[in-house]
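Please treat every number below as a calculation from the coordinates, not as lab data. As the structure is a prediction and not an experimental result, all values here were calculated from the model. Quick reminder, even Gly has a Cβ in these numbers, built from the backbone with ideal geometry, and neighbours come from all protein chains shown.
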Ligand SMILES: [Zn+2]
């Protein structure tokens, strides 16, 4: 039986995700931005929370952990590098560790750049990547702890996964990401279509998570830093892709 995955809005722009193994009933939340929204999502489906897999220590990803743990007694899996910053952590994971959710299994990837402790959870059997604040639909995370090269390396690693990988990110920033992407990559027809799709989705109360990696390769300026068109728009023609990426990230910070 395939895993059941449900993504929903939390707080103002966070995305909560539940992944459930129907055979065992085990169900994990990827991050816990908001207890109430996660409870509502569980109740609507009759699911019971058994695990929380935390991508990084920021408050908007862990605020719901204590309440959910008190209610369900669920296991809390957190990045080892977050130290004691994740409340209620039961298990601390590092690069290459495996985390089971019932019969489902995720590999832990350390994906620093947004912050030092950031990890992503790769469910290869489901073709689903939970990327937290590393890769967003049409964008990428801010580099808060850096260096820029660390986020670039994390993105390059994600970019090498199969094109049909379903990427679940931690925020819905798609409209502002889309506005920037259109400036950085003008004339990209796939991007124009994707932004139109994002606007239509927004009007219907939906959002474009998950996205596939193939869609991001075609439209996300931060994954397209190796393309001449992107180098041109930051006046770095002929420069290595990482330099173009840095210039794009700095531009987006100001945009
Ligand atoms: Zn964050």
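Some notes on this structure:
- Between the Cα long axis of helix 241-254 and the first principal axis of the chain there is an angle of about 80°, rounded to the nearest 10.
- Cβ crowding within 10 Å ranks 183, 148, 1 as 1, 183, 148, fewest other Cβ atoms first.
- The sum of -39500 (n - 2.57) across all DSSP H runs of n ≥ 4, divided by the residue count of the chain, sets its helix-only mean residue ellipticity at 222 nm to -10000 deg cm²/dmol.
- Relative contact order of the chain, defined on C-alpha pairs under 8 angstrom at six or more residues apart (%): 13
- Value of relative contact order over region 88-141, rounded to a whole percent, pairs C-alpha under 8 Å and six or more apart: 23
- Peptides ranked, highest mean first, by Cβ atoms within 10 Å: ranges 7-19, 236-248: 7-19, 236-248
- Relative contact order of region 1-97, pairs being alpha-carbon contacts under 8 Å that are 6 or more residues apart, as %: 20
- Sorted on the mean count of surrounding Cβ atoms within 10 Å across their residues, most packed first, peptides 25-32, 78-85 read 25-32, 78-85.
- Under 17 Å from the residue 251 label point (7 Å along Cα→beta-carbon), backbone N, region 159-185: 176-185
- For region 165-192, backbone nitrogen atoms closer than 14 Å to the point 7 Å from residue 214 Cα along Cα-to-C-beta are found at 165-167.
- Three-way shape call for region 61-111 based on the alpha-carbon gyration tensor, with the a/c threshold at 1.5: oblate
- Helix axis angle, 35-45 relative to the chain longest principal axis, alpha carbon, degrees: 70
- Taking the longest Cα principal axis of the chain as reference, the axis of helix 174-184 is set at about 20 degrees.
- As a proxy for reagent exposure, ranking 173, 168, 121 by other Cβ atoms within 10 Å from fewest up yields 173, 168, 121.
- Potential extension, residue 149-residue 91 segment - 0.36 nm per residue separation minus Cα distance: 18.0 nm
- Gyration tensor verdict on region 1-147 (Cα atoms; rounded if a/c is under 1.5, prolate if a/b is larger than b/c, oblate otherwise): rounded
- Residue exposure sequence - 135, 161, 191 - by fewest surrounding Cβ within 10 Å: 161, 191, 135
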